[in-house]
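Single-structure report; data block below.
Derivation of every value follows stated rules applied to the coordinates shown; laboratory data play no part. Everything numeric in this text was worked out from a predicted model, so none of it was measured. Counting neighbours? That spans all protein chains shown, and the Cβs are built from the backbone with ideal geometry, glycine included.
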Amino acid sequence: MRGALSGIHITNLLGLVGFLVMWIGLVEGSKMVCALLKNARLVGWAIGPLGISTLFLYEPSALFIVLNALFPALVSGLVLYVGLFTAFPSPIAFPHRLLIEIPVIAFGVLITSLGGFIDALRDLRYPLWGEARILRSIQYLRASCASIHFTAFGRSYLRDQFDSSPTDLLQAF
């Protein structure tokens, strides 16, 4: 095993940075594709250190909750495999051994998808919808220092349901 790890080295630092940006961008893009497939009214969206999040007013099905967790994980694993272990020029040289490939891909998928898996388990165990889901999401997003933006529908929804503006609601958290 020591000989296998000594064969790992960075071949192109700029290529590595580009690969990391592309990898995270494709994973976040796959999360946005899942969000667009919901076909529900968008209340708001947020950009934060944990990625892009969307706020919808709906009760998701169990199938959709599982799809929302597995699709970005599949995209992450595919990008890692193609980018690091195929014939394409790779920014990191890895020995082509199964005992190296599996942990590298598993660790990468775990990094990008752990939050999605935890969210899916939480949504399957304690399902929330409507106002409770919106308030919980806002609370988590404020705790992660995300910048939350409400759509026109979201602003009217907050005015109707909470008799509050987005600024007042965000200051309450």
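So for the pair F107, K38, with labels modelled 7 Å out along Cα→Cβ, what separation do we get in nm?
So the label points at F107 and K38 sit 3.3 nm apart.
With springs connecting C-alpha atoms under 10 Å apart, model the chain as a Gaussian network and identify which of F162, F64, F150 has the largest mean-square fluctuation.
Of F162, F64, F150, the Gaussian network model singles out F162 as fluctuating most.
Calculate the FRET efficiency for A172 and L128 from the Cβ-Cβ distance with a Förster distance of 25 Å, rounded to the nearest 0.05.
Once rounded, the FRET efficiency stands at 0.85.
Under DSSP H, which helices of the chain have Cα atoms covering 27 Å or more of the helix axis and a Kyte-Doolittle average no less than -0.5?
13-36, 62-85, 98-125
Only one of the values (1) 1, 8, 14, 18, 16, 12, 10, 8, 6, 4, 2, 1, 0, 0; (2) 2, 9, 17, 20, 18, 14, 10, 7, 3, 1, 0, 0; (3) 2, 9, 18, 21, 22, 15, 8, 3, 1, 0 was calculated from this structure for P(r) over Cα pairs in 5 Å bins from 0, in percent; name its label.
Checked against the structure: label (1).
What value, in deg cm²/dmol to 500, does the helix sum -39500 (n - 2.57) over DSSP H runs of n ≥ 4 give at 222 nm once divided by the residues of the chain?
-21500 deg cm²/dmol
Using the Cα centre of the chain as the reference point, and only Cβ charges (+1 on K/R, -1 on D/E), how large is the resulting charge dipole? Debye, rounded to the nearest 20.
200 debye
Could you list log10 I(q)/I(0) for the stretch 33-99 at q = 0.13, 0.21, 0.26, 0.27 Å⁻¹, which the Debye formula gives when each Cα is one point scatterer?
The calculated log intensity ratios at q = 0.13, 0.21, 0.26, 0.27 Å⁻¹ are -0.56, -0.93, -1.18, -1.23.
Any idea what the dipole of the stretch 78-173 comes to, in debye rounded to 20, about its Cα centre with Lys/Arg Cβ at +1 and Asp/Glu Cβ at -1?
Dipole about the Cα centre, nearest 20: 120 debye.
Can you compute the modelled spin-label distance between E28 and S144, with each label point 7 Å from Cα toward Cβ, in nm?
1.1 nm
From the residues P166, L74, A106, which one has its Cα farthest along the dipole of the chain in the positive direction, the dipole being from +1 and -1 charges on Cβ of Lys/Arg and Asp/Glu about the Cα centre?
Of the options given, the answer is A106.
Report the residue, chosen from V82, V66, V43, that carries the largest GNM mean-square fluctuation when the chain is represented by alpha-carbon nodes joined by springs under 10 Å.
Largest GNM mean-square fluctuation: V82.
Hey, in the GNM for the chain with a 10 angstrom Cα cutoff, which one of A132, A120, A87 fluctuates hardest?
Judging by the Gaussian network model, the answer is A87.
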